[in-house]
1. Compute the long axis of helix 84-93 from its Cα atoms, compare it with the longest principal axis of the Cα atoms of the chain, and write down the angle in degrees, 0 to 90, nearest 10.
2. Who wins for biggest fluctuation among 251, 310, 268 in a Gaussian network model of the chain, springs between alpha carbons below 10 Å?
3. With labels modelled as points extended 7 Å from the Cα through the Cβ direction, what inter-label distance (nm, one decimal) is found for residue 176 paired with residue 300?
4. Using alpha carbons only, how many angstrom separate the centre of region 207-286 from the centre of region 137-166?
5. Which whole-number percent gives the relative contact order of region 133-271, counting Cα pairs below 8 Å spaced six or more residues apart?
6. Measure off 7 Å from each Cα along the Cα-to-Cβ vector at residue 211 and residue 93, then give the distance between these two points in nanometres to one decimal.
7. At 0.36 nm per residue, minus the direct Cα-Cα distance, what do residue 287 and residue 161 gain on full extension? Give it in nm, one decimal, please.
8. When the Kirkwood hydrodynamic radius is evaluated over all pairs of different C-alpha atoms of the chain, what value in angstrom, to one decimal, is obtained?
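FYI, it's all coordinate maths here, none of it is from the lab. The structure displayed is predicted, hence computed values, not measured ones. Using ideal geometry, Cβ is built from the backbone for each residue, glycine included, and neighbour counts are taken over all protein chains shown.
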Amino acid sequence: MIGRMTKVAATATAAGMILAALAGCAANEETPGDGKGSGSPAAKLSGTIDGAGASSQSAAQEAWRGGFAKLQSDVVINYDPTGSGTGREQFTEGGVAFVGTDAPFSLDDVAAGFGSCADGSGLVEVPVYISPIVVAFNLDGITELNLAPKTIADIFLGKIAKWNDPAITADNPGVNLPDTNVAAVHRADKSGTTENFTDWLAANAKDAWPHEPAEEWPVSGGEAAEKTQGVVATVTSTPGAVGYVDAGQASGLGWAAIKVGGAWVSASPEGAAKAVGESSLQEGRADTDVVYDLNRTTEAAGAYPLILVSYLGACEKYKDAEQGKLVAGYFQYVTSEDGQAAAAANAGSAPLTSEEGLSAKVSSAVASIG
């Protein structure tokens, strides 16, 4: 078995190796920059902008803000990891200039408009990285297990009470599973991670999971924790606990391989990227709204479809033009070669796979911010 720390290090290393479409957006497309892949606008900027949203983006935002500060020292970027749902609400109400979210805005949300945006402005929504969602657990001496979709559904529905339940032991021959109580931990807040996790369950566990995809946890019972960090802390401190979290923040916990077709597949940036490569962009959205329709049921070899695609959202045109300049500059950096490399190194995340036309779509969308 791969050791816990080795596995996390391998994830981060692999993330850095597969920089692709987004990594080249600012450098390869004709976006304003310094010509060295930094994506920083040539003009010197100053001021402050506030963002909020996905707690899964915390480590990436830390890297992006630090990197951007080196290029634009007079700009302050604030980011509050409130969770995707709360972040989207804040952006809609005009409380923040940009949002990080692991679940895109609905078309109805886009049509209703956003508080900081100028009248008639469109939404700019671009993918900034992909990340596996891991079913992470705390069992002494066990770092890897195989868990089929139905088994995972039954765990989080409270139907499996012990770790040596026959459904788990059948898929893990040779593993000495303890007679330890299962403590399933879910997000207490509105969460894009929850929406992605329940979307995957609905597609793969089928009748075993009777709920629609939702950003609010749909099952009563179990243990709830706020934000990604809360779930990780609860699972880490509770023997027998299990939760669903962004892979980049699951260091030190056991990770479950999931069944994809007839194979067991462990979480990795490569597997997440392969799953995105099996997906397509959603139809019916504006050119500035670049959103994926994820293929949760792909059986492609090596694909890991339990993933989230993390987005940044902004106004195409702002009521406050100065805010627009700052947001545009920050988004240019985030989607640049340097910005994507910084996130991969700090968060263990992976940019999107290379796909014809994607770089141009993202660059064009970001260039429209003003």
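1. Taking the Cα atoms of the chain, the angle to 84-93 is about 30 degrees.
2. 251
3. 4.1
4. After rounding, the separation between the Cα centres reads 14 Å.
5. Values: 260 pairs, mean separation 54.1, N = 139.
Over region 133-271, the number comes to 39 percent.
6. About 2.5 nm separates the two model spin labels.
7. On the way: separation 126, 0.36 × 126 = 45.36 nm, distance 4.78 nm.
Answer, rounded to one decimal: 40.6 nm.
8. On the way: mean 1/r = 0.0485 Å⁻¹.
Answer for the chain: a Kirkwood hydrodynamic radius of 20.6 Å.
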